[in-house]
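K.L.:
The structure follows.
The values are calculated or read from the model by the stated rules, or taken from the named source; none is laboratory data. As the structure is a computational prediction, the values presented were derived from the model and not from experiment. All Cβ positions, even for glycine, are placed from backbone atoms using ideal geometry, and neighbour counts span all protein chains on display.
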Amino acid sequence: MRPEVVCHPVDLLDRERVEAVVRRVRPSLVFHLAALSSPAASWDDPAGTITNNVGGQANLLDALVRISPKARVLVVGSTDEYGRVPGRNRRIDEGTELRPLSPYAVSKVAQDYLALQYYLSRELSCVRVRPFNHAGPRQAPQFAVASFAQQIARIELGRQEPSLKVGNLKAKRDFTDVRDMAAAYLLALLKGKPGEVYNLGSGKAVALGEIVQALIRISKRKIQLEKDPSRTRVAEAEVYVCDPRRFQRLTGWKPKIPLERTLRDTLNYWRRCEAGSG
């Protein structure tokens, strides 16, 4: 961790401790990303997922209103809020109906609208974003690209049989490098209009099968695919394609890092991690 970064660990469900941290820091800019983030895991504990994600944010926004009411707050939603959109390969804009397909998605819709409510009723400067899929170094292996890369790194080291466990490879997703997405978050908080919501993504969709084949091409071992039913979601949309034009018109932001570099950097990151854990 960088020496200039100061951490204040806190359970966001503990209202008094959240208030104490906000009183101590008195932030002017807040990036709120804390949440249980797995759609698949949310089916194991739907109530817990919703309580954690919505309750923690409610405590944070309440403390900000009372202690740092001039703070600007970025609340990060999810493409999962849109669910299964009618019309094949349609670009999804901010006016698209929200049709959540998992308890996680419901929790993100609730977080989204809770931020809007605090803007409308308490005049807290909340800006909302709905990022589409992102990937890159340091992403947890519960997400598809990181999982593929970690497995390949383990296969190369002989720690896993040369069989890559995969779920639904026909699903198409709009991927952006996490480093580009982080830049978008900063621009959204600094330039976004409070109360507004912005989609963040590349505007292109790629099948997960293409992602897998691209990673296999840069691997050092011959690898076969193995269908793993546990990696297939209970319910999911076939295609997600972002319409990012509202945000691009406002900020001029566009992703700079090509998918090929994202995949290579992600695989190299997991190669270093797995080699270091040996």
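Quick grid of which residues meet (1) closer than 25 Å to Pro46 by Cβ; (2) more than 17 Å from the chain's Cα centre (by Cα); (3) hydrophobic (A, V, I, L, M, F, W, C):
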| position | (1), (2), (3) |
| --- | --- |
| Leu74 | no, no, yes |
| Asp80 | yes, no, no |
| Arg84 | yes, yes, no |
| Gly87 | no, yes, no |
| Ile92 | yes, no, yes |
| Leu101 | yes, no, yes |
| Val106 | yes, no, yes |
| Leu114 | yes, yes, yes |
| Tyr118 | yes, yes, no |
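K.L.:
Could you tell me whether any residue of the range 85-98 is polar (S, T, N, Q), surrounded by 15 or more Cβ atoms within 10 Å (Cβ to Cβ) and farther than 22 Å from Lys191 by Cβ? Spell out the reasoning first.
P.N.:
Initially, the range 85-98 is screened for residues polar (S, T, N, Q), giving 89, 96.
Subsequent filtering for residues that are surrounded by 15 or more Cβ atoms within 10 Å (Cβ to Cβ) retains 96.
In the following step, the residues that additionally are farther than 22 Å from Lys191 by Cβ were identified as 96.
Within the range 85-98 (the criterion being polar (S, T, N, Q), surrounded by 15 or more Cβ atoms within 10 Å (Cβ to Cβ) and farther than 22 Å from Lys191 by Cβ), the answer is yes, since at least one residue qualifies.
K.L.:
If you don't mind, another one. Right, Ala41: assigned to a helix (DSSP H, G or I) and within 19 Å of the chain's Cα centre (by Cα) or not?
P.N.:
For Ala41, the condition - assigned to a helix (DSSP H, G or I) and within 19 Å of the chain's Cα centre (by Cα) - is met.
K.L.:
Those residues that are free of Cβ contacts under 8 Å to residues at least 60 places away in the same chain and among the hydrophobic types (A, V, I, L, M, F, W, C), I need them from the range 34-44; list them, please. It would help to see each step written out before you state the result.
P.N.:
We begin by selecting, within the range 34-44, every residue free of Cβ contacts under 8 Å to residues at least 60 places away in the same chain; these are 34, 44.
Across the range 34-44, the qualifying residue is only Ala34.
K.L.:
Looking at the range 207-246, which of its residues are of a type in the set (Lys, Arg), in a loop (DSSP other than H, G, I, E, B) and either more than 24 Å from Leu164 (Cα to Cα) or over 19 Å from the mean Cα position of the chain (by Cα) (or both)?
P.N.:
Within the range 207-246, Lys220, Arg221, Lys222 meet the criteria.
K.L.:
Mind listing just one residue for me: the one in the range 169-206 that is of a type in the set (A, V, I, L, M, F, W, C) and in a strand (DSSP E or B) and, of those, surrounded by the fewest Cβ atoms within 10 Å (Cβ to Cβ)?
P.N.:
Out of the qualifying residues, it is Val206.
K.L.:
In this structure, is Asp11 closer than 26 Å to Gln142 by Cβ and not small (Gly, Ala, Ser)?
P.N.:
Values: closer than 26 Å to Gln142 by Cβ: yes; not small (Gly, Ala, Ser): yes.
So Asp11 fits the description; yes.
K.L.:
I'd like to check something: does the range 266-277 contain any residue that is in contact with a strand residue (DSSP E or B) (Cβ under 8 Å, 6 or more places away or on another chain) and either among the aliphatic types (A, V, I, L, M) or at pLDDT 95 or above (or both)?
P.N.:
yes
K.L.:
Determine, yes or no, whether Lys254 is modelled with pLDDT of 95 or more, part of a loop (DSSP other than H, G, I, E, B) and either out of contact with any Leu (no Cβ under 6 Å at 6 or more places or on another chain) or under 17 Å from Thr176 (Cβ atoms) (or both). So that I can check it myself, show each step before the final result.
P.N.:
Numbers: modelled with pLDDT of 95 or more: yes; part of a loop (DSSP other than H, G, I, E, B): yes; either out of contact with any Leu (no Cβ under 6 Å at 6 or more places or on another chain) or under 17 Å from Thr176 (Cβ atoms) (or both): yes.
So Lys254 fits the description; yes.
K.L.:
Another question, then. Of these, Val10, Val22, Val54, which one is touching a Leu at 6+ places or on another chain (Cβ under 8 Å) and without any contact (Cβ under 8 Å) to a residue 60 or more places away in the chain?
P.N.:
After ruling out the rest, the residue left standing is Val22.
K.L.:
Kindly check whether there is at least one residue in the range 108-126 that is farther than 17 Å from Val239 by Cα and among the β-branched types (Val, Ile, Thr).
P.N.:
In the first step, residues of the range 108-126 are kept if they are farther than 17 Å from Val239 by Cα; the result is 108-126.
Applying the additional criterion that residues be among the β-branched types (Val, Ile, Thr) yields 109.
Scanning the range 108-126, I find at least one residue that is farther than 17 Å from Val239 by Cα and among the β-branched types (Val, Ile, Thr), so the answer is yes.
K.L.:
Which pairs turn up if I take residues in the range 123-143 that are under 13 Å from Ser37 (Cβ atoms) and look for partners that are crowded, with 18+ Cβ neighbours inside 10 Å and polar (S, T, N, Q) with beta carbon separation below 6 Å, at least 6 apart in sequence or on another chain?
P.N.:
His134/Thr176; Pro141/Ser147; Pro141/Gln150
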